[in-house]
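Reading through the structure tokens given below for one structure.
The values are calculated or read from the model by the stated rules, or taken from the named source; none is laboratory data. None of the values given here were measured: they were computed from a predicted structure. Every residue, glycine among them, receives a Cβ derived from its backbone with ideal geometry; neighbour counts consider all protein chains shown.
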Amino acid sequence: MPRSFDDARHWADLGTALFVKAAGLDEAGLGAPSALPEWNRKQLVAHVAANADALGNLVHWAATGEPTPMYSSPEERSAGIETGARLPAAELTAWLRRSADRLAAGMDALDAAQWQTPVLTAQGRTVPATELPWMRSREVCVHAIDLGTGLSFADLPDDFLTALCDDVVGKRGKAPGPALLLTAPDARWELPGEGEPVDVTGSLPDITAYLTGRVGDVGGAPAPALGPWL
């Protein structure tokens, strides 16, 4: 079943709560490595806080009709993350909560017509503002796991995982990579690509972790290597 706007708003709220709770660490805890190569937890928290501010720019665009890009440049985006990562833990988590609350309030204030406003993502895609909750839910839910505090894809709702797999397969299908037949207990995806399709079977959380590049095997069995997703 295709994801709905209400689904995405619910997942954005859920993922935000999970991320904020997981990020509630002391200085040493936030300074430790995350599950993402070459990123510590402070960098990841700063990234998610900056993402809320950036999506808030698109909410402003939808609310006013004034074109407001997510970031002024890739360099500005990177600099914001690094600056945030140097903040003391208490200041960084305060920014995280403040930016999340501001984004949620901005979304709550949009009316039906404003939600239909076309806006431009950081990847250069023009989408209606109704896509913003999905963009946020994907960010906070996946990165809550990337913090490496014990959460896994099994802690996320099955309907979100299915929607995320749909999204990733759609994106990966437009880029070079191996052909795959991915099977979970109640779902199946065909990923076009190079060579004969390889069967990859596992639980829905395992398939999601593999498709998003978080693991290199499924159910203990090695799976074909995948390139970047986003």
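Remarks
- Scanning the stretch 1-13 for residues that are surrounded by fewer than 18 Cβ atoms within 10 Å (Cβ to Cβ) and at pLDDT 95 or above, we see that the one that is nearest to ARG136 (Cα to Cα) is ASP13.
- Remark: pairs (first residue in the stretch 19-45, closer than 15 Å to ARG86 by Cα and in contact (Cβ under 8 Å) with a residue 12 or more places away in the chain; second residue of a type in the set (D, E, K, R) and surrounded by fewer than 18 Cβ atoms within 10 Å (Cβ to Cβ); Cβ separation under 8 Å; 6+ apart in sequence or on different chains) = LYS42/ARG86; GLN43/GLU82.
- Of all residues in the stretch 84-102, none satisfies being closer than 29 Å to LYS21 by Cα, part of a loop (DSSP other than H, G, I, E, B) and under 21 Å from the mean Cα position of the chain (by Cα).
- Filter result (of a type in the set (Val, Ile, Thr), within 25 Å of PRO37 (Cα to Cα) and over 14 Å from the mean Cα position of the chain (by Cα)) within the stretch 114-166: THR149
- Residue within the stretch 106-120 that is touching a strand residue (DSSP E or B) at 6+ places or on another chain (Cβ under 8 Å) and either among the charged types (D, E, K, R) or free of Cβ contacts under 8 Å to residues at least 24 places away in the same chain (or both) present: yes
- Checked against the criterion of being acidic (Asp, Glu) and surrounded by fewer than 13 Cβ atoms within 10 Å (Cβ to Cβ), the stretch 106-128 contains one or more residues that satisfy it.
- Odd one out for GLN123 among (1) of a type in the set (S, T, N, Q); (2) under 22 Å from PRO69 (Cα atoms); (3) modelled with pLDDT of 95 or more: (3)
- Meets criteria (crowded, with 19+ Cβ neighbours inside 10 Å, under 15 Å from ASP13 (Cα atoms), of a type in the set (Lys, Arg) and not assigned by TED's automatic domain parsing to the domain that holds LEU211) for ARG102: no
- All of (1) out of contact with any Ser or Thr (no Cβ under 7 Å at 6 or more places or on another chain); (2) over 22 Å from ARG77 (Cα atoms) hold for TRP115 with one exception: (1).
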